[in-house]
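**Q** Starting off with a structure, shown below.
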Amino acid sequence: MGALVTLTGQGKITDAIANGTDIDLSRMVVGDGLGNAVAPTEIMTELVNEVYDVQLSSVARDAQNANWLIAEATIPEAAGPFTVREVGLIDGDGDLFAVADYPATEKFTAAQGIATALTVRIIIVVSDTANVSILLSPSDNVVASRRVDTGSGLTGGGDFTQDRTHAIDWSTLDTEDTAEDTDTIAVRKASDGSHVQMAREDFFAGLGGGGGGGGSIAGGANVGDGAGSVYKGVSGTKLQFRKIKASPGVSVTTSGDNVMVGLADMAAELTA
């Protein structure tokens, strides 16, 4: 099996390079080879036996092979029945630009109990794609170009004219005040810019895990100031808080982060 550019197509490539013009591809034709396998030749101007003509859906250079042109079209469910054994590309002038043989593939219809669309893709090797601009004729039923549209919080969208790298745009993300038990938390590692996910329980366990690592609570601190401050500290993965309770003869008051402990007024008790 193979695909090749016809002599007509080769002449148009030469003219396009010499004059800086475009080659406009519009349609794909398929044939049944009159029931026989077809050996394509450069001198062909039409298929052995064309059975269907369909608008091209895409023509693009292969990402890994600069001289490969990949052409694709989809034959709708209603078309057929027939057997595809040969494929051709038709340019905007109606000429056979390229031709290829194709492994015998049945195109069934609903009447046969199998109603499916058939996507046909062929690869054409062109000697100089760098200086040839291949266009796809627009159609109301054809997507002439494809894009990657990113959702909320993502960057890196656009068309396929260049390589794309997606990243999280943190500035656009909503801020959450709480984390539910079933939530997964995304963490960006500043060391290498990668992203990881953590379960809620692991994230909060890491906060109290100590070890002196960045982002963890590795020690205690005082709340308030002076002799009345309250100490909070870490014990294993537990964040501990202590509180001062009032008792007979002792009063406890707070002002902001400050806790004041004082002696209660015992005068009434002493005079009773």
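A quick yes/no check of all residues on (1) part of a strand (DSSP E or B); (2) at pLDDT 75 or above; (3) open to solvent by 100 Å² or more (accessible area, probe 1.4 Å):
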{"residue": "SER127", "(1), (2), (3)": "no, no, yes"}
{"residue": "ASN131", "(1), (2), (3)": "no, no, no"}
{"residue": "LEU135", "(1), (2), (3)": "yes, no, no"}
{"residue": "SER139", "(1), (2), (3)": "no, no, no"}
{"residue": "SER145", "(1), (2), (3)": "no, no, no"}
{"residue": "ASP163", "(1), (2), (3)": "no, no, yes"}
{"residue": "ALA179", "(1), (2), (3)": "no, no, no"}
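**Q** At pLDDT 60 or above, farther than 30 Å from GLY153 by Cβ and open to solvent by 80 Å² or more (accessible area, probe 1.4 Å) - does that describe any residue in region 191-203?
**A** Quick first cut of region 191-203, residues at pLDDT 60 or above only: 191-203.
Now restrict to residues that are farther than 30 Å from GLY153 by Cβ: none.
The answer is no, given that none of the residues of region 191-203 is at pLDDT 60 or above, farther than 30 Å from GLY153 by Cβ and open to solvent by 80 Å² or more (accessible area, probe 1.4 Å).
**Q** Counting only residues that are out of contact with any Lys or Arg (no Cβ under 8 Å at 6 or more places or on another chain) and in a loop (DSSP other than H, G, I, E, B), which one in region 28-43 is nearest to ILE123 (Cα to Cα)?
**A** PRO40
**Q** Sticking with this one: Does region 162-186 hold any residues that are among the hydroxyl-bearing types (Ser, Thr, Tyr) and touching a strand residue (DSSP E or B) at 6+ places or on another chain (Cβ under 6 Å), and which are they?
**A** Keep residues of region 162-186 that are among the hydroxyl-bearing types (Ser, Thr, Tyr), which gives 165, 171-172, 175, 178, 182, 184.
Result: THR184, single match.
**Q** Does region 101-115 hold any residues that are part of a loop (DSSP other than H, G, I, E, B), open to solvent by 40 Å² or more (accessible area, probe 1.4 Å) and touching a residue at least 24 places away in the same chain (Cβ under 8 Å), and which are they? Steps first, please.
**A** In the first step, residues of region 101-115 are kept if they are part of a loop (DSSP other than H, G, I, E, B); the result is 108-109, 113-115.
Filter once more, keeping what is open to solvent by 40 Å² or more (accessible area, probe 1.4 Å): 108, 113-115.
Across region 101-115, the qualifying residues are PHE108, ALA115.
**Q** For region 44-66, give me the residue count where each residue is in a loop (DSSP other than H, G, I, E, B), touching a strand residue (DSSP E or B) at 6+ places or on another chain (Cβ under 6 Å) and either among the polar types (S, T, N, Q) or modelled with pLDDT under 90 (or both).
**A** Residues meeting the conditions: 5.
**Q** Determine if region 4-11 includes at least one residue that is closer than 16 Å to VAL125 by Cβ and open to solvent by 60 Å² or more (accessible area, probe 1.4 Å).
**A** Going residue by residue through region 4-11, those that are closer than 16 Å to VAL125 by Cβ are 4-7, 9-10.
Then drop every residue that is not open to solvent by 60 Å² or more (accessible area, probe 1.4 Å), which leaves 7, 10.
Yes, region 4-11 contains a residue that is closer than 16 Å to VAL125 by Cβ and open to solvent by 60 Å² or more (accessible area, probe 1.4 Å).
**Q** Check ALA16, ALA71, ALA98 and return the single one that is modelled with pLDDT under 90, under 30 Å from ILE114 (Cβ atoms) and either open to solvent by less than 40 Å² (accessible area, probe 1.4 Å) or part of a strand (DSSP E or B) (or both). Before you say what the answer is, go through the steps one by one.
**A** Numbers: ALA16 fails: under 30 Å from ILE114 (Cβ atoms); ALA98 fails: modelled with pLDDT under 90.
After ruling out the rest, the residue left standing is ALA71.
The values are calculated or read from the model by the stated rules, or taken from the named source; none is laboratory data. A quick note: this is a predicted structure, and the numbers were derived from the prediction, not measured. FYI the Cβ positions are ideal-geometry reconstructions off the backbone, even for glycines, and counts take in every protein chain you see. The area values use the complete protein model at the heavy-atom level, side chains included, leaving out ligands, DNA and RNA. Shrake-Rupley method; radii C 1.70, N 1.55, O 1.52, S 1.80 Å.
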